[in-house]
Amino acid sequence: MFPLFLFGYIAQFLGFFFSRFSFFILLFAFLLVSFFGYCSCHISPSQVIMPSNDFVRTVSRSFRVLVIGGSYGGLSAALALIDLSQGRLTRFNYNADAEAPTHRIPIQITVVDKRDGYYHLIGSPKALASEKFASEAWTRFQDIPGLRSPNLSFIQGSVSSVDFNAKEAQIVDAETKNSRTEPYDYLIAGSGLRRSFPTVPQSLRREEFLKEAREHMTDVKKAQDGIVIIGGGAVGVEMAAELKILYPEQKVTLVHSRKRLLSSEPLPDDFAERVDSILRDTGVEVILGHRVIDTTAVETKNGTRGWNLTLSDGRQLKTGHVLKAISQTVPTSTYLPKEALNEEGYIKVHRSLQFSGAIPNPEHHWAVGDLTEWEGIKRCGGAMHMGHYAALNIHQHMMAECTGGKPDYQTLQPFPAVMGLALGKTAVSYTPGEGTREGEDLMKTLFGKDMGHTICWNYMRLGEAC
């Protein structure tokens with residue numbers, strides 16, 4: 001396996017590629033590895049990642065794992081655990097010299113998610129503007145080849161409470177509304193943050209989402225006097241650029257209350273200024289330093305609904321459609337006791353991702369993704385990296401319980417302040433080492449043709465039989 005400091009550095013460097021709702025191509029990791037000489041030859045991911053140990057033994061004990069959340073972090077943890085339990089290196093391992101596990105461990109993983117499928121969250125700006133991409137962005141769990149395993153099952157529902165002493169969770173089924181008790185040996189909390197539309201769709205089933213996306217697109221196409229997007233964070237700027245590219249005839253206005261875009265992010269001014277410049281060059285009207293203090297619905301002459309917006313400087317804006325891209329994120333941790341959480345509702349964890357609060361059986365409770373109390377910008381690359389590490393450490397603890405040994409946990413370092421954004425036909429990125437970059441070629445490298453959907457899909461190997 002890679003030296004921990006190098007593996008963590010590369011993964012965290014790659015983390016900006018998955019800035020809050022945007023991300024960098026993980027395949028670039030192979031270029032980094034090759035460049036620094038950690039591979040002795042040119043090897044494809046499938047050749048490196050998952051060799052099995054033909055001489056493994058199967059332990060007699062079995063384990064039940066409950067994963068709360070079926071997005072980037074939860075799925076990565078579940079899939080990595082399946083790899084390890086079957087005597088293979090994880091699909092996220094890039095060290096050709098790493099050794100596969102010496103034991104197979106019978107496990108049964110249950111994933112609970114409020115949605116009926118995997119949704120490419122960071123592709124929301126495009127999914128809610130393009131019907132073709134909307135269809136690709138949401139795939140039901142049952143239709144994903146990489147999730148068809150006898151060791152893996154899914155429940156569409158939500159967790160209402162967790163008993164750390166008994167190691168039991170109460171699950172409310174989304175269809176029947178009935179509650180059931182689910183015992184577990186290990187719990188992985190990865191249910192993320194609650195976000196409002198248009199940051200994420202509010203639908204819980206694929207067909208409902210497609211309808212929601214079509215209705216949104218209709219509103220955009222029919223909007224007289226253009227579209228106003230309120231909020232100049234990552235989602236707002238990406239949505240403004242995407243709408244202007246897909247609907248060039250529409251007037252698109254972005255209003256942000258602060259004097260610079262991305263004002264809540266710990267990023268340098270030149271990055272925000274570059275984003276501002278790209279938006280204006282794309283044809284988006286950008287209004288900074290003024291807050292929308294009133295939004296009033298009005299009826300137009302042809303019977304359609306419009307909006308009158310009043311800004312803090314007294315200016316009036318007339319528009320046909322309003323999108324509020326102000327990020328109001330709320331941790332979905334209400335099912336956990338307060339002892340496990342900080343004041344804002346995020347899960348307190350050690351660097352190993354094990355719960356660090358004053359709770360019973362902390363070694364059996366782990367957390368990944370946006371729900372953790374963790375430094376840095378929230379992003380899907382970081383969530384998948386966390387899922388990988390949580391799986392490695394849980395597997396270490398399982399082996400220790402089976403063999404009487406001591407688990408050797410891997411630890412993560414804080415994520416650096418890095419970001420990548422898709423702005424129509426171009427991309428802009430920032431890392432401490434390279435500073436701010438932009439360009440159409442960068443867009444192809446960072447996001448491909450589908451806001452990184454294919455990159456994430458292939459990285460987790462969702463298209464391959466489990």
Checklist entry - In nm, to one decimal, how far is the modelled label at L246 from the one at E208, with both set 7 Å along Cα→Cβ? => result 2.1 nm
Checklist entry - What Rg and what Dmax come out for segment 221-370 when only alpha-carbon atoms are used, in angstroms? => result 20.6, 65
Item to check | Length added when fully stretched, D173-K221, from 0.36 nm per residue minus Cα-Cα | outcome: 13.6 nm
Checklist entry - Placing +1 at every Lys and Arg Cβ and -1 at every Asp and Glu Cβ, with all other atoms neutral, what dipole size does the chain have around its Cα centre, in debye to the nearest 20? => result 620 debye
Checklist outcome for this item: Of the residues T253, S263, W307, the Cα lying farthest along the dipole of segment 212-324 towards its positive end, which is defined by charges on the beta carbon of Lys, Arg, Asp and Glu, belongs to W307
Checklist entry - If you rank R461, R291, R205 by how much accessible surface each has, with a 1.4 Å probe, what is the order from largest down? => result R291, R205, R461
Checklist outcome for this item: Residue span A96 to E343: 0.36 nm per residue of separation minus Cα-Cα distance leaves a gain in nm of 84.6 nm
Checklist entry - What is the local net charge at H103, summed over the other residues whose Cβ is closer than 11 Å to its Cβ (Lys, Arg +1; Asp, Glu -1)? => result +3
Next on the checklist: Using C-alpha positions alone, give me the convex hull volume of segment 109-165 per residue in cubic angstrom.
Outcome noted: 108 Å³
Item to check | Nonlocal Lys pairs with alpha-carbon distance under 30 Å, segment 53-207 (8 or more apart, or different chains) | outcome: 5
Next on the checklist: Which order do you get for W138, W374, W307 if you rank them by accessible area with a 1.4 Å probe, largest at the top?
Outcome noted: W307, W374, W138
Next on the checklist: Residue by residue through segment 294-300, what is 3J(HN,Hα) from phi via Karplus (6.51 cos²θ - 1.76 cosθ + 1.60, θ = phi - 60°)? Round to whole Hz and write x for glycine and proline.
Outcome noted: 7, 10, 10, 7, 9, 9, 7
Checklist entry - After finding the eigenvalues of the alpha carbon gyration tensor for segment 388-429, what semi-axes result from the square roots of 5 times each, listed largest first in whole Å? => result 40, 11, 4
Item to check | Rg and Dmax [Cα atoms of segment 260-340; Å; Rg one decimal, Dmax integer] | outcome: 18.1, 57
Checklist entry - Of all accessible surface on the chain at a 1.4 Å probe, what whole percent is carbon and sulfur? => result 49 percent
Checklist entry - Once you put a point 7 Å from the Cα of K406 and another 7 Å from the Cα of S153, both along the Cβ direction, what distance in nm separates them? => result 3.8 nm
Checklist entry - FRET efficiency for R258 and Q316, Cβ-Cβ distance as r, R0 = 25 Å, nearest 0.05? => result 0.75
Item to check | Rg to Rh quotient for segment 312-450, alpha carbon positions, Kirkwood Rh | outcome: 1.11
Item to check | Kirkwood estimate for segment 332-389, i.e. one over the average of 1/r between Cα atoms, Å | outcome: 11.5 Å
Checklist entry - Expressed in nm to one decimal, what extension gain is obtained for the pair S277 and A166 from 0.36 nm per residue of sequence separation less their Cα-Cα distance? => result 34.4 nm
Next on the checklist: Quick one: 3J(HN,Hα) in Hz for segment 162-176, Karplus 6.51/-1.76/1.60 with θ = phi - 60°, rounded, Gly and Pro as x.
Outcome noted: 9, 9, 5, 5, 7, 6, 9, 10, 9, 10, 9, 5, 5, 7, 8
Checklist entry - Per-residue HN-Hα couplings for segment 110-119, Karplus 6.51 cos²θ - 1.76 cosθ + 1.60 at θ = phi - 60°, whole Hz, x for Gly and Pro? => result 10, 9, 10, 8, 5, 8, 8, x, 8, 10
Checklist outcome for this item: What one gets for the chain as the Kirkwood radius, inverse of mean 1/r over different Cα pairs in Å, is 23.1 Å
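The values are calculated or read from the model by the stated rules, or taken from the named source; none is laboratory data. Bear in mind the structure is a predicted one, so any value in this text is a computation, not a measurement. Note that we place each Cβ from the backbone using ideal geometry, even for glycine, and neighbour counts take in every protein chain shown. Please note that ligands, DNA and RNA were not included when accessible areas were found on the heavy atoms of the full protein model with its side chains. Shrake-Rupley method; radii C 1.70, N 1.55, O 1.52, S 1.80 Å.
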